[in-house]
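Written out below as structure tokens is the structure these notes cover.
The values are calculated or read from the model by the stated rules, or taken from the named source; none is laboratory data. Bear in mind the structure is a predicted one, so any value in this text is a computation, not a measurement. Using ideal geometry, Cβ is built from the backbone for each residue, glycine included, and neighbour counts are taken over all protein chains shown. Ligands, DNA and RNA are excluded from the accessible area calculation, which covers all protein heavy atoms including side chains. Shrake-Rupley method; radii C 1.70, N 1.55, O 1.52, S 1.80 Å.
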Amino acid sequence: MRLSAASAILLASMALAGCTSSSGLGGLMEQASPSLETTNSVVRPSADVAPMVAQAPQPAMPVPTQTTEVAAPPVQLAMAVPTPMPQVPMQPAIELENMPVPDAKPIALIAPSNPMKATPFAPGQIYGRRFRDAKPINFGKAMSPKNFAVHGVDVSRWQGEIDWPKLRTQGANFAYIKATDGGDHLDPMFRKNWRAADAAGLRRGAYHFFYWCRTAGEQADWFIRNVPKVAGALPPVIDVEYNGESSCKRRHSPEKIREKMQVFMDKLERHYGQRPVIYTAPDFYRDNLRGHFQNYPFWLRAVAEPPSKVYPGRNWVFWQYSGSGLSHGVDGKIDLNVFRGNEAQWHQWVSKSAG
């Protein structure tokens, strides 16, 4: 039977729909709108895929014709009639000039809630001692720590979070901060304490706890790797003492101990340009250091008697007089120290010894 042209077109359209029905509407939409992403695993469709869909025979029905005619006018209208731009005042500067200018007082509204932490501290300013002691010792009238002008502290991770500005106003004019021990341990609070102490205006230095089961060169390299060389820093400190809790039970001869110390200190002095300070305790000093290292500054621990009785004949720069200090700005106990000299001598020593 012969078919009319319209019927032939209709049948062809139905056949084409039947062939492509397995992919459904979603498949047709994916083909019509290929992803713009191009990767090595997904091949972007070629340019002739879309024309195949676009050139498919269209049924001669009124609905598609009406849809095309209805959709066209919005496009033409959007192109022919531009969307009016919002009216914006053309002279904003004039309005700003007529507004009252605030004075400096409102700046305080954005200042930190804790004014102590925002207070600038002059590095050279000396604060008087306001510390307390959980176990006060009577060192005698002549050697009372109160008689010394310049006080300071030494800290490590065990002091936790420290309010450095507040600690300084309590009398901490300098701080020695635990940096390293052995050849692979860094105090987890060192970097934070190092920055915060400087921001609060304290003179700061770093100390290393010497480990007798590692070579001196390894330990010096580790300290240098972690402690920055900065202007104004106090000389580095080597902390030499016996430690009953250490995993290293090795006891060297006094000669070997001094040899290892010398290697460590020489390497630090070459790097920082400062002669290191030797910190020690009474028993270790008695067994290994008495009469030696006369040209080095000493920091002596003496918490029961003054240094002159514990270390007879030894000159010293710092005296650690308490391990049970109490202060605002620190939770718990803290080591307390003094510098041997008045305020003028302190400034003179710092200018000569600091980096």
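Miscellaneous remarks
- Estimated vicinal HN-Hα couplings, Hz - the stretch 233-240 in sequence order (Karplus 6.51, -1.76, 1.60; Gly, Pro = x): 6, 5, x, x, 10, 9, 9, 10
- Computed from backbone phi with θ = phi - 60° and the Karplus coefficients 6.51, -1.76 and 1.60, the 3J(HN,Hα) list for the stretch 278-287 is 9, 9, 8, 10, x, 5, 5, 5, 4, 7 Hz; x is used for glycine and proline.
- Cα gyration tensor, the stretch 119-169 - rounded (a/c under 1.5), prolate or oblate: oblate
- Each Lys and Arg contributes +1 and each Asp and Glu -1, all at the Cβ; summed about the Cα centre of the stretch 275-344, the dipole is approximately 260 debye.
- Cα gyration tensor shape for the stretch 206-343, rounded if a/c is under 1.5, else prolate or oblate: rounded
- Under-5 Å amide H pairs with Ser322, H placed in peptide plane, nonlocal only: Leu336
- Amide hydrogen neighbours beyond the local backbone of Arg204, cut-off 5 Å, H modeled: Ala175, Leu234
- Per-peptide packing, taken as the mean over residues of other Cβ atoms within 10 Å, places 237-248, 216-227, 199-210 in the sequence 199-210, 216-227, 237-248 from highest down.
- Surface exposure of the stretch 293-355, expressed per residue as accessible area with a 1.4 Å probe, stands at 46 Å².
- When DSSP beta bridges are restricted to pairs lying wholly in the stretch 269-355, around 45% turn out antiparallel.
- Net length gained if the chain between Arg275 and Asn147 were fully extended (0.36 nm per residue, minus Cα distance): 43.3 nm
- Global form of the stretch 264-355, assessed from the alpha-carbon gyration tensor, a/c cut-off 1.5: oblate
- Summary of the geometry: the stretch 270-329 and the stretch 153-218, compared by the centres of their Cα atoms, lie 17 Å apart.
- In sequence order, calculated HN-Hα J values of the stretch 153-164 (Karplus, 6.51, -1.76, 1.60; Hz; x Gly/Pro): 9, 10, 9, 8, 4, 6, 7, x, 6, 10, 8, 5
- Of the residues Phe223, Ser246, Phe210, the one whose Cα sits farthest toward the positive end of the charge dipole of the stretch 176-256, with +1 on the Cβ of Lys and Arg and -1 on the Cβ of Asp and Glu, is Phe223.
- Sorting 308-316, 274-282, 326-334 by average packing, meaning the other beta carbons within 10 Å per residue, from highest down gives 274-282, 326-334, 308-316.
- Given +1 at the Cβ of Lys and Arg, -1 at the Cβ of Asp and Glu and no other charges, the dipole of the stretch 165-289 around its Cα centre is 400 debye to the nearest 20.
- Residues whose placed amide H lies under 5 Å from that of Tyr211, excluding near-sequence neighbours: Gly182
- Residue ranges 157-163, 296-302 sort as 296-302, 157-163 when ordered by packing (mean number of other C-beta atoms within 10 Å per residue, highest first).
- Within a straight-line Cα-Cα reach of under 27 Å, Lys141 can be paired with the following lysines, leaving aside sequence neighbours fewer than 8 residues apart in one chain: Lys309, Lys333.
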